[in-house]
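Have a look at the structure below, then the notes.
The values are calculated or read from the model by the stated rules, or taken from the named source; none is laboratory data. Quick caveat: nothing in here was measured; it's all calculated off a predicted structure. All Cβ positions, even for glycine, are placed from backbone atoms using ideal geometry, and neighbour counts span all protein chains on display. Heads up: the accessible areas ignore ligands, DNA and RNA and are worked out on the full protein's heavy atoms, side chains in. Shrake-Rupley method; radii C 1.70, N 1.55, O 1.52, S 1.80 Å.
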Amino acid sequence: MKTDVLRDKFLEFFKSKKHKIVESDSLVPKDDPTVLFTPAGMNQFKKQFLGLITDFRRAASSQRCLRTDDLDKVGKSDYHHTFFEMLGNFSFGDYFKEEAIAWAWEFLTRELKISPEKLWVSVYKDDDQAFNIWKDKIKVPLNKILKLGDRENFWPSSAKEKGPNGPCGPCSEIFFDQGIDKGCKEPNCSPVCDCGRFIEVWNLVFTQFNRKDGAILEPLPQKNIDTGMGLERLAAVMQEVSNNFETDLFKPLLNQIAAGCKPQAAAKNKELLYALADHLRAIVFSIYDGVLPSNEARGYVVRKLIRKSVLHLRQLGINAAFLYKIVPLLADIMKSPYPELIKRRENISDIILAEEKNFINTLDSSHSLLEEKLKSGLSPDKAGAIAFLLYDTYGIPPELTINWAKKQGIEISKEAFDRELDAQKLRSKSGSAMQGDVFSAQETQLKDIPETKFLGYEKNITSAKISKILKDNQEVQTITEGEVAKIVLGQSVFYAESGGQIADTGIIEDNQNVFEVSDTKSINKVILHIGKVRSGSFKKGDSVQAKIELRRRMAIARNHTATHLLQAALRKVLGLHVKQQGSLVAEDRLRFDFTHFKDIKKEELDRTEEVVNEFIIQNHPVEKKEMTLSQAKECGALAFFAEKYEDNVRVVSAGDISQELCAGTHLDNTGLIGLFKIIHEGSVASGIRRIEAVTGFGAYKMIKEEENILAEVSEILNTAQEKIAQELKKRLKQMKELEKQVSLQRLNSVKSGLDELIQKGAEINGIKVIAERIDNADMDLLRKTADLLKEKELKVVAALGSDVASRVWLVTVTNLADFDVSALIKEIAFEIGGSGGGRKDFAQAGGNKPENLSKALDKFKKLVHNLIEAQSTARSQAPEA
């Protein structure tokens, strides 16, 4: 049975049981600081689990998930993945254990026709209710029902003793028996054995307790069901293959990877092929959900997976960029549940290709990076820590670093490297795992509060009643002057930070009582007004007026509407491949990140700015309409793919030039923007560009500042503004001529003083050793002086240095075949806070510690003296011919 059919069967089955089929959430959990990526199907239903009644109390989904805590096991075990799909059915205070168990059994045995003889189950050791349902209602034989403890059959694992606080409960698992010929082959083998014979297929969690401090379990008034079944594992069972990687989800990927390397390499390294197929899925779907390779948080995970994949490919004999080539195949495999992936495959491929190339370049030029980071004289522990930094930050394999260090005589402590690696693994696990309590303190405090009615699209001020006051995340009845708190109102005009738009500010007042709102947040559609009591006091139930800072709101609206026009202009000028990757809409500026894989030419940027201003002058009406998500997609409205949209959405249209899904605040027509000016453009990641701009009064102010600067320059140059460029070119030409003359005079001065410079040097065994400072010399003059020394002296080894402002320069030179001055400069460059390199007969370095120049020159003298003495000793001890 194909995986696409399995997924559909699961969802159709629970649809027939009156479950709402909910689309998969993004891998980037919205407003959920407890996890880095979405790790399970239940995460998007936190609101329902908290008891907030929505239009459904039963749900089912196929949720895309990503976990990094088992990264080391991926490819080595049959069933571990970073990216996977979790099938789940959920009840929020509706059905409980009996239905959850019965339906799970019905789906597996009747719908999928898995033999009951092949199935075993486990229950929590104290859960007699679940045990009796399996025994009496489902008729599972007693020898196939296992009672297990807190670690295996309680969720979260061991929560009773260790936490976290929040909803928890016993669970029941269903296992598939692959047969006695698998695993340990012992007759008494059961699911508690880790030999691999039994596959854990489905976990049914019965959320019936609330854990509190002190390991206290209180019964929940609303009991919930949260189940999870790995689609990949179920596919392996139904397709009768030995592991998940042999299913139709992975097999085509493995074949394409194997086709790219030598047959022997593929056959001998199946684990690497498995890991590559897994990592590709995680990388592609992370980028699909807006996570781009970077050195921070989620982006670092994606970058690390790409780097690990490049290293795996090298082990298979593939040294060029390759991963990006498999993206179209993966898009085709996953097109049924994710049709958008087909449309975005080229964009995702380009991002991966750029990252692959960057890392391959790093590996190919690792020699210079190792020279820069690993200096002689480091302790083994320090060298071990730096070796880990090179691996963690740049992706350089430790084996490569250790081999290079051995050649340089640098000892690397493996224990120090392993300590840093273990600490990083712990950070990675804690980032992937749940942080803190199951639900935040704020979520728990707000669970009984109805959604705040938002009136901010039509109004700037409204009357309301205070529903709740939170101080330090605890409910209080009253707040007084000077106290910081969060106020919840029944209705509000304050826009909470969302979708890149910053929050409204303003005041909540009741006569002389004033609460200054400095920030606005939304949790499960309950708006929190965050601020401080400026005067008087407030209590729960007070009737108040909520008033936003209107001028600020209008400035934000100008920038938000302009952001929509900017995307439309970029798609017109650069092409329809331009898609939003992120944005910031503030009162003083806007920032827009978008896909584009080339540098933007000045003409293209100028034209983009021109087109936006044309849209403004045309004064298009800005319309806002509520419609269903499917209607919005049908009419071609652009969506920011990293956002999770509800069934009903708001579409903002600017004439016929722009149509986007957007919940932000906007103007009524484009003419109100006034003026649009780009202030910066650049790259922020592989294939991602960023434009920053200002509008309205901000743009006018910037133009006035530029005019003032031009006027000032015009006055200084004593020329008309329109002739400034011409005058500057003329004066720059004059300056270059003068610099050339000065440089020639300085060189002549050096030539005339060359004999004096040579006399300052010491002669050792017939070799002139010179180490001198030349005041106010730039690198070019140092080089020319070095060349003159080489020509003047028959046998010379010299170092010349100069410091200008806060920089210091060094050159080393010789005309002797048995000296390598590039090695010498690496030794002394460390003293001036820099690095250097070059040829055996000439090398140079720069640094930022000019105060150490004399120290560096003295060190050079000692090094050369020791080398000459060592050569002399070696010659004297050599046997006569």
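Only residues that are within 18 Å of Cys193 (Cα to Cα), open to solvent by 70 Å² or more (accessible area, probe 1.4 Å) and touching a residue at least 12 places away in the same chain (Cβ under 8 Å) were counted across the range 131-149, and they come to 1. Here Leu329, Leu378 are screened, and the one residue that is open to solvent by less than 60 Å² (accessible area, probe 1.4 Å) and either within 30 Å of Arg7 (Cα to Cα) or in contact with a Leu (Cβ under 9 Å, 6 or more places away or on another chain) (or both) is Leu329. Each residue in the range 27-69 was checked for being part of a loop (DSSP other than H, G, I, E, B), among the basic types (Lys, Arg) and over 18 Å from Tyr645 (Cα atoms), and 2 pass. Scanning the range 824-847 for residues that are open to solvent by 50 Å² or more (accessible area, probe 1.4 Å) and either more than 21 Å from Leu788 (Cβ to Cβ) or assigned to a helix (DSSP H, G or I) (or both) yields Lys826, Glu827, Phe830, Ser835. Of the numbered criteria (1) over 22 Å from Ser77 (Cβ atoms); (2) under 16 Å from the mean Cα position of the chain (by Cα), the one Ser286 fails is (1).
Return the residues of the range 232-265 that are over 13 Å from Leu316 (Cα atoms), without any contact (Cβ under 8 Å) to a residue 12 or more places away in the chain and either part of a helix (DSSP H, G or I) or in contact with a Leu (Cβ under 9 Å, 6 or more places away or on another chain) (or both); say none if nothing qualifies. Selection gives Glu246, Lys251, Asn255. Looking only at the range 653-690, how many residues end up being surrounded by fewer than 22 Cβ atoms within 10 Å (Cβ to Cβ), assigned to a strand (DSSP E or B) and in contact with a strand residue (DSSP E or B) (Cβ under 8 Å, 6 or more places away or on another chain)? Number of matching residues: 15. Scanning the range 318-348 for residues that are at pLDDT below 95 and under 11 Å from Ile283 (Cβ atoms) returns a single hit, Ile348. Among the residues making up the range 798-808, those that are in contact with a Gly (Cβ under 9 Å, 6 or more places away or on another chain) and either within 11 Å of Ile774 (Cβ to Cβ) or open to solvent by less than 50 Å² (accessible area, probe 1.4 Å) (or both) are Ala798, Val808. Taking the numbered list (1) in a helix (DSSP H, G or I); (2) open to solvent by 20 Å² or more (accessible area, probe 1.4 Å); (3) under 30 Å from Ala275 (Cα atoms); (4) modelled with pLDDT of 95 or more in turn, Asp72 passes all entries but (4). The condition of being touching a residue at least 60 places away in the same chain (Cβ under 8 Å) and part of a helix (DSSP H, G or I) holds for Thr393. Among the residues of the range 32-46, those identified as crowded, with 19+ Cβ neighbours inside 10 Å and of a type outside the set (A, V, I, L, M, F, W, C) are Thr34, Thr38, Pro39, Gly41, Asn43, Gln44, Lys46.
Restricting the range 809-823 to residues that are buried (at least 23 other Cβ atoms within 10 Å of the Cβ) and of a type in the set (A, V, I, L, M), the residue that is nearest to Lys849 (Cα to Cα) is Leu810. Among the candidates Arg281, Arg314, the residue that is open to solvent by 10 Å² or more (accessible area, probe 1.4 Å) and assigned to a helix (DSSP H, G or I) is uniquely Arg314. Screening Ile688 against (1) within 27 Å of Met554 (Cα to Cα); (2) touching a Ser or Thr at 6+ places or on another chain (Cβ under 8 Å) leaves a single unmet condition, (1). For the range 809-828, the condition holds for at least one residue, the condition being that it is closer than 14 Å to Val864 by Cα and of a type in the set (Phe, Trp, Tyr). When we screen Val291, Val301 for residues that are in a loop (DSSP other than H, G, I, E, B), within 18 Å of Cys65 (Cα to Cα) and touching a residue at least 12 places away in the same chain (Cβ under 8 Å), the only hit is Val291. Of Ile402, Ile412, Ile396, Ile360, all but one fail to be open to solvent by 60 Å² or more (accessible area, probe 1.4 Å), among the aliphatic types (A, V, I, L, M) and closer than 25 Å to Gly836 by Cα; the exception is Ile402.
Which of the following residues is over 30 Å from Gly51 (Cβ atoms) and buried (at least 17 other Cβ atoms within 10 Å of the Cβ): Leu273, Leu220? One residue alone meets the criteria, Leu273. The single condition from (1) assigned to a strand (DSSP E or B); (2) free of Cβ contacts under 8 Å to residues at least 24 places away in the same chain; (3) at positive phi that Val649 fails is (3). Restricting the first member to the range 500-519 and to residues that are open to solvent by 40 Å² or more (accessible area, probe 1.4 Å), and the second to residues that are among the β-branched types (Val, Ile, Thr) and in a loop (DSSP other than H, G, I, E, B), the beta-carbon pairs closer than 7 Å and six or more apart or on different chains are Ser518/Thr505.
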